[in-house]
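A.B. asks: Submitted below is the structure of interest, expressed as structure tokens.
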Amino acid sequence: MRSGLHVLLGLTAGATLGLGLSATPASAAGQGIASAQATSAQTTSAQATSAEAGVQGTAEGRSAAAEKWSWGPTASTDAKGWAKGEIRTTKSGLRITGNLYDAGGARTCSWLKIKWLTGQGGYRTATVKNCSRSAPRAFRVDAGHMLSSLAKVCRGTATRVTGKCSHWEGVWAQGG
């Protein structure tokens, strides 16, 4: 009888810590095993309901808006180049898409640099340029399973970046 009460109180305390329910003090243990069993049954029921909701949420989440994150606009320091876009989940990881804009009348090009941290701990980069002076340039970068990503927009010539870069802006990070 006593070992059964200890087991039930242990379950109740574990459930209380996990679900935020109010704990039953040890002095109230004399109220009987029935109240401890009722609390344990409620906890088990709540855990089953939350587990079902988690499974249902992941199945429905594949088409939900939770798998798309918007970023930007990120602009160069002279505001003649800017970029914005989205990050979406794919079967092979994450994909960064968007548009790079180059201001009309600018005699130089806009450059976008994207840097992301891979799951193995290394950084990878992608660079996109737009010299159109009027039309946005769409881009797509398959980043795979990344932990975080940063972007900056710079100005430059048709062959290289010359300066007027924004700071590295956080685009996406695992866990928010």
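The values are calculated or read from the model by the stated rules, or taken from the named source; none is laboratory data. In this text, all values refer to a predicted model and were calculated from it rather than measured experimentally. For neighbour counting, all protein chains shown are included, and Cβ atoms are generated from backbone atoms with ideal geometry for every residue, glycine included. The area values use the complete protein model at the heavy-atom level, side chains included, leaving out ligands, DNA and RNA. Shrake-Rupley method; radii C 1.70, N 1.55, O 1.52, S 1.80 Å.
A.B. asks: Tell me, which residue of region 158-168 that is at pLDDT below 95 and open to solvent by 60 Å² or more (accessible area, probe 1.4 Å) is nearest to Thr77 (Cα to Cα)?
C.D. replies: Going through the qualifying residues, I end up with Lys164.
A.B. asks: Being on the phi > 0 side of the Ramachandran plot and without any contact (Cβ under 8 Å) to a residue 40 or more places away in the chain narrows it down to one of Arg124, Arg107, Arg133, so name that one.
C.D. replies: Arg133
A.B. asks: If you check every pair at least six apart or on different chains, which have Cβ atoms under 6 Å apart with a residue in region 84-99 that is more than 28 Å from Ser132 (Cβ to Cβ) first and a residue that is modelled with pLDDT under 95 second?
C.D. replies: Thr89/Glu67; Gly93/Gly144; Gly93/His145
A.B. asks: Tally up the residues in region 118-154 that are open to solvent by less than 20 Å² (accessible area, probe 1.4 Å) and closer than 15 Å to Asp102 by Cβ, please.
C.D. replies: 5
A.B. asks: Hey, can you tell me all the residues within region 110-142 that are at pLDDT 95 or above and of a type in the set (A, V, I, L, M, F, W, C)?
C.D. replies: Answer for region 110-142, where residues must be at pLDDT 95 or above and of a type in the set (A, V, I, L, M, F, W, C): Trp111, Leu112, Ile114, Trp116, Leu117, Ala126, Val128, Ala138, Phe139, Val141.
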